[in-house]
Amino acid sequence: MATEQVRITVFDTTLRDGEQSPGCSMNHQEKLRLAHQLDRLGVDVIEAGFPIASDGDFEAVKAVADVIRRPIIAGLARACQPDIERAWDALKDAARPRIHVFLATSDIHLQYKLRITRDQCLAQAREAVSFAKSFCSDVEFSPEDATRTDPDFLCRVLEAVVEAGATTLNIPDTVGYTVPSEFGELIATIRRRVKGIEDVTISAHCHNDLGMAVANTMAAIAAGARQVECTINGIGERAGNASLEEIVMAIRVRHDRYPYETGIVGEQIFPASQMLSEITGVPVQPNKAVTGRNAFAHEAGIHQDGVLKNPLTYEIMTPQSVGVPDSKLVLGKHSGRHALAIRCEQLGYQFDRRALDDIYRRFVRLADKIKHVEDHHLLELIRDTHKPAASATPLFEPLPNAVAAAANPLAPESPRPFPLAPQTNAFGAPLPVPGDQHHDQEDYLWGV
Ligand SMILES: [Zn+2]
């Protein structure tokens, strides 16, 4: 009997939780633009906003609900009638609407924030979910601060809202406090103890205050959660939410440990990351997993040499699989000769052994002074070293912008994609890169 892949629902909250992070607010048009990209990315649910929070939020949720028809569109509401009515007003024309109701359940929130008792909390959660259900068949409930809630009480609340008609139970680690083993146990406890749980979807919503949002989410999946709440680039309140791209690629790359599937189109990950960054003006940290500028950059010579021979030596996933146009080999003082030769070829020059030695010596001296050797530096260096020399064979006319950059070293340096180069044969195996054994050996010496 063929076993069907278990599908993980990807619930993107970039437009709601993500938008709440400092510097990441978006206007109506920007939200709509990003929502289209989230649709292309293949997310299952778009949480478009918190309609009662402001008129702008209401209009944005409504616009997304009216225009984006494939994914479920969710709107957030506190557990009270005006919020739920406002959310429904914004969502009612959606092809697939979802009302997402939340209410804090931890004693600290009940006592200091809401000033209600546990019994009042239980009753309010039940009533709010029934009320939401009177409008919409798809109702998600989140017990805010679940990871600091007494598990017995948490299970009672969850049971009550399942009875009232909730179809997704989202377990938020609102303050980013939990650790993977603990969070996995909590999900397992909920699955074991809440009556009716087998008919609803358990979801994880993790914050990154201790840098464990993705790890906690993965633990939840392993324990039976089938929806993950996440954001592009991991943006969100404080240290952010679990990052969509990291969860999705962890599932893909480690399919042996996480035998699940998502509807995400990998090649749309990087475009989504870039679009968000462009809209908010908040850059992605360079070493951010999957979408950072350096995520596929290799500087150490030994790594560069290996990657050029076969990307699998140091790459667990290809840049192309997440939509990064090409891998970047950063040329710095740790770079080997092999990488330098490839870059020269890409700039239109092929050197014989002696000429390359010459260029390489100068390159290392330059790289010692400046951190990263950009194309225009390299072009200058080539021109200075080999004023039309017989040993330098232009393969083709250098690219016009490379020439312009070389002519004007003060021109702003736009990061230029650096193709990874290794051409592959029909079976995906890299073709040999020109170079003799001796040459390769020296690369390793330089690299280490
Ligand atoms: Zn959150």
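The values are calculated or read from the model by the stated rules, or taken from the named source; none is laboratory data. Predicted model, so just to flag it, every value in this text is computed and none were measured. For neighbour counting, all protein chains shown are included, and Cβ atoms are generated from backbone atoms with ideal geometry for every residue, glycine included.
I'd like the full set of residues that are outside any loop (DSSP other than H, G, I, E, B) and either touching a residue at least 60 places away in the same chain (Cβ under 8 Å) or within 21 Å of Gln227 (Cα to Cα) (or both), limited to region 263-272.
Gly266, Gln268, Ile269, Pro271, Ala272
Which one is nearest to the ligand (Cβ to nearest atom), of the residues in region 130-145 that are touching a helix residue (DSSP H, G or I) at 6+ places or on another chain (Cβ under 6 Å) and over 15 Å from Ser203 (Cβ atoms)?
Looking at residues that are touching a helix residue (DSSP H, G or I) at 6+ places or on another chain (Cβ under 6 Å) and over 15 Å from Ser203 (Cβ atoms), I get Asp145.
Cβ-Cβ below 6 Å, separation at least six or inter-chain, first residue in region 142-162 and among the basic types (Lys, Arg), second crowded, with 19+ Cβ neighbours inside 10 Å and not in a strand (DSSP E or B): which pairs?
These pairs meet every condition: Arg148/Ser106.
Which number in (1) buried (at least 16 other Cβ atoms within 10 Å of the Cβ); (2) in contact with a helix residue (DSSP H, G or I) (Cβ under 8 Å, 6 or more places away or on another chain); (3) modelled with pLDDT of 80 or more marks the one condition that Thr313 misses?
(1)
What are the residues in region 108-128 that are among the aliphatic types (A, V, I, L, M) and free of Cβ contacts under 8 Å to residues at least 40 places away in the same chain, if any?
Leu110, Leu114, Ile116, Leu122, Ala123
If you scan region 105-124, which residues turn out to be closer than 25 Å to Ala48 by Cα and touching a helix residue (DSSP H, G or I) at 6+ places or on another chain (Cβ under 6 Å)?
Thr105
Could you count how many residues in region 274-308 are among the polar types (S, T, N, Q), within 15 Å of Gly332 (Cβ to Cβ) and in a helix (DSSP H, G or I)?
Residues in region 274-308 being among the polar types (S, T, N, Q), within 15 Å of Gly332 (Cβ to Cβ) and in a helix (DSSP H, G or I): 1 in total.
Residue pairs, Cβ under 6 Å, 6 or more apart or interchain, first in region 223-238 and more than 22 Å from Gly292 (Cα to Cα) and at pLDDT 95 or above, second within 13 Å of the ligand (Cβ to nearest atom) and assigned to a helix (DSSP H, G or I). List them.
Sorted first by the residue in region 223-238, then by its partner, the list stays empty.
Collect the residues in region 193-213 that are aliphatic (A, V, I, L, M) and touching a residue at least 40 places away in the same chain (Cβ under 8 Å), keeping them in residue-number order.
Ala213
Just to check your reading of the model, which residue among Ala95, Ala77 is crowded, with 16+ Cβ neighbours inside 10 Å and closer than 27 Å to Ser54 by Cβ?
Just a single option satisfies the conditions, and that option is Ala77.
Going by the structure shown, is Ser106 under 20 Å from Ala272 (Cβ atoms), of a type in the set (S, T, N, Q) and in contact with an Asp or Glu (Cβ under 7 Å, 6 or more places away or on another chain)?
On the way: under 20 Å from Ala272 (Cβ atoms): no; of a type in the set (S, T, N, Q): yes; in contact with an Asp or Glu (Cβ under 7 Å, 6 or more places away or on another chain): yes.
Answer is no for this residue.
Please tell me if Glu140 is acidic (Asp, Glu), under 29 Å from the mean Cα position of the chain (by Cα) and crowded, with 24+ Cβ neighbours inside 10 Å.
Here the answer is yes, as Glu140 does meet what is asked.
Of everything in region 174-191, what is crowded, with 18+ Cβ neighbours inside 10 Å and either without any contact (Cβ under 8 Å) to a residue 12 or more places away in the chain or more than 17 Å from Asn208 (Cβ to Cβ) (or both)? Give them in sequence order.
Matches in region 174-191: Gly184, Leu186, Ile187, Ile190.
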